[in-house]
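A.B. asks: For reference, the structure I am asking about is given below.
The values are calculated or read from the model by the stated rules, or taken from the named source; none is laboratory data. In this text, all values refer to a predicted model and were calculated from it rather than measured experimentally. Note that each Cβ is placed from the backbone with ideal geometry, even for glycine, and that neighbours are counted across all protein chains shown.
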Amino acid sequence: RERMRRELGSGDRGDGWDLKQDAGGIADIEFMVQYAALRWASSLGDYLDFTDNIRLL
């Protein structure tokens, strides 16, 4: 993930904050949602009928 952040994020380019790739961006939120889905899958039952992040949120 850190390599992706270095290569795809705004980094030192100075052109602002990259909403998708910089720290705290959409990619990090998607990772946390996917982790939670896997971590608590056994206790959430129907929660995993959906595989897209929007509905998992």
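A.B. asks: Does the stretch 21-39 hold any residues that are within 15 Å of N53 (Cβ to Cβ) and not charged (D, E, K, R), and which are they?
C.D. replies: Matches in the stretch 21-39: G25, I26, A27, I29, F31, M32, V33, Q34, Y35, A36, A37, L38.
A.B. asks: Now, a different point. Can you name the number of the only condition in (1) surrounded by 12 or more Cβ atoms within 10 Å (Cβ to Cβ); (2) at pLDDT 75 or above that L48 fails?
C.D. replies: With respect to (1) surrounded by 12 or more Cβ atoms within 10 Å (Cβ to Cβ); (2) at pLDDT 75 or above, L48 is out only on (2).
A.B. asks: On to the next question. I'd like the full set of residues that are aromatic (F, W, Y) and closer than 25 Å to K20 by Cα, limited to the stretch 32-46.
C.D. replies: Once the filter is applied, which keeps residues that are aromatic (F, W, Y) and closer than 25 Å to K20 by Cα, the stretch 32-46 yields only Y35.
A.B. asks: Are any of the residues in the stretch 17-26 surrounded by 13 or more Cβ atoms within 10 Å (Cβ to Cβ), in a helix (DSSP H, G or I) and at pLDDT 70 or above?
C.D. replies: Yes, there is a match, as at least one residue in the stretch 17-26 is surrounded by 13 or more Cβ atoms within 10 Å (Cβ to Cβ), in a helix (DSSP H, G or I) and at pLDDT 70 or above.
A.B. asks: Note down all Cβ pairs under 8 Å where the first residue falls in the stretch 27-40 and is acidic (D, E), the second is assigned to a helix (DSSP H, G or I), and they're at least six residues apart or on different chains.
C.D. replies: What qualifies is E30/N53.
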